[in-house]
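Structure record follows, encoded as structure tokens.
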Amino acid sequence: QVQFVESGGGLVQPGGSLRLSCAASGGAFRTYDMGWYRQAPGKQREMVARVTSGGNPTYADSVKGRFTASRDNAKTTLYLQMNSLKPEDTAVYYCNVVNIAWRPWGQGTQVTVSS
């Protein structure tokens, strides 16, 4: 069973940048289309970016032009480069598969954008 461990979150001022990582183990990472999801307090979890198994990314409108998703299949790791961060990006960020049943969720990584 694949497991995900997210890292790289923190407190950043508006306009700042963070790079998140998602390390996968125990599964066929290379074959999965992967997504970055986030959940803000009181809101539903939403997908903000997805990367196909071949490395092609797509983005939610809310993050397009500011976030860049990528993956390294050799390292079984998914990345999310977040630039020009806004207070509304504050959330816990998770990674998981897309297009198939979700695997167990990791603990996520907290991103807080505040001055």
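Here, segment 1-48 has an Rg and a Dmax of 13.3, 38 Å when only alpha carbons are counted. Counted residue by residue at 0.36 nm each, then reduced by the alpha carbon distance between them, the extension gain from residue 84 to residue 40 reaches 14.0 nm. Taking only the Cα atoms of the chain, the ratio Rg/Rh comes out at 0.94, with Rh defined as the Kirkwood radius.
A simple spin-label model places pseudo-atoms 7 Å from Cα toward Cβ; at residue 47 and residue 1 they are separated by 2.2 nm. Heavy-atom accessible surface of the chain, averaged per residue, reaches 51 Å², computed with a 1.4 Å probe. When the Cα convex hull of segment 43-94 is projected onto planes of every orientation, the mean area is 4.0 nm². If I model a spin label at residue 99 and residue 70 as a point 7 Å from the Cα along the Cα→Cβ vector, what separation in nanometres do I get? With each label point 7 Å from Cα toward Cβ, the separation is 2.2 nm. Under 19 Å from a label point 7 Å along Cα→Cβ of residue 11: give me every residue in segment 73-106 with its amide N that close. Residues 85-93 qualify, since their backbone N sits under 19 Å from the label point. As a fraction of the 1.4 Å probe accessible area of segment 59-102, surface on carbon and sulfur atoms comes out at 52 percent.
The values are calculated or read from the model by the stated rules, or taken from the named source; none is laboratory data. Note that this is a predicted model, so its numbers are computed, not measured. Glycine also receives a Cβ, built like all others from the backbone with ideal geometry; neighbour counts cover every protein chain displayed. When the accessible area is computed, the model is the full protein with side chains, heavy atoms only, and any ligands, DNA or RNA have been set aside. Shrake-Rupley method; radii C 1.70, N 1.55, O 1.52, S 1.80 Å.
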